[in-house]
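For reference, the structure is listed below as structure tokens.
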Amino acid sequence: MSMHMRKSRVLRQMRNGKVATCTKLNLADPRAAEIAAMCGFDCIWIDLEHVPNSMASVEDAVRAAKIYDVDVLTRISRGCYSNLIRPLEADSTGIMVPHLMSLKEAKEVVYYSKFHPIGRRPLDGGNADGKYCLVDGADYVKEANEERFTVVQIEDPEPMAELEEICALPGIDMIFFGPADFSQGLGNPCDFADPRIEDTKKLIAKTARKYGKFAGTVGGPGNFDALADMGYTFISTGADVVALFTYFQDMADKVKDRDIRNV
């Protein structure tokens, strides 16, 4: 019985000229992923860079999201090449590499995250993405290159000198701008009014599109349309921890410090 890899909802949206939507999860409980997926986002972004999650939690999030045909983007932890490929083999639809600092690093990312003829990603096929060897080997190589996406984050001033070359590199599917760390790199942490942030945001979208790549960043309802007009086709809005904080704080504020009522 021959099978095929699951196709990417995010890539389908963006290739059809639409903006792919995403939300970020810090919590490892797969029920959080399932709730986010059933709400209609195209993608769930989970994190191994800042958050002490495990590969088991990646697998659980992927299973929960796939019920609703929702993609998972895993921001990897920097380290050995296995950190690049394990989320993909758990059937994460994309990987995000934080703090890309140079064209040299971008070439290494491509080498290990894409199969021949683009790169030399280690070949297995016996995991969830290859449906445990049920996807034919040749189909697996081809479909993984076509239906899985590699994202690099520009969140430091240093790689901007090589932005054109990074965007032109085959195998990099998306350039993702991270404004928070970029502001820190400029010497003004979290000063998003710094005009250099807006200039960089515009330049990244323009350069990515120039070379046929997708541009991604973080946003919200207030600037979603402006980002889309700028050329961003992947926009992540909100996070589970913010949602819980907002809800619980609202509830607590409404009921705290009440006096006992005499009956």
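A few points about this structure:
- Distance cut-off 17 Å, percentage of C-alpha pairs in the stretch 8-48 lying past it: 32
- Here is what passes the span test in the chain: the DSSP H helices with alpha carbon length of 18 Å or more along the helix axis and a Kyte-Doolittle mean of -0.5 or above are 240-255.
- Applying 1/(1 + (r/R0)^6) with r as the Cβ-Cβ distance of ASP225 and CYS39 and R0 = 22 angstrom yields a FRET efficiency of 0.65.
- Gain on full extension, evaluated as 0.36 nm per residue between ARG258 and VAL242 minus their Cα-Cα distance, stands at 3.2 nm.
- Spin-label model, HIS4/ARG78: points 7 Å from Cα along the beta carbon direction are separated by 3.8 nm.
- Gain on full stretching of the segment that runs from ARG31 to LYS210 - 0.36 nm per residue minus C-alpha separation: 60.5 nm
- Peptides 10-22, 182-194, 228-240 ranked from most to least packed, by the mean per-residue count of other Cβ atoms within 10 Å: 228-240, 10-22, 182-194.
- Per the chain, cysteines lacking a partner by the 4.7 Å Cβ criterion: CYS39, CYS80, CYS133, CYS167, CYS190
- Across the chain, the mean sequence separation of Cα contacts (distance under 8 Å, 6 or more residues apart), normalised by length, yields a relative contact order of 19 percent.
Any read-out appearing in this document is the output of simple, stated calculations on the displayed coordinates, not a laboratory observation. All values reported here derive from a predicted model rather than from experimental measurement. All Cβ positions, even for glycine, are placed from backbone atoms using ideal geometry, and neighbour counts span all protein chains on display.
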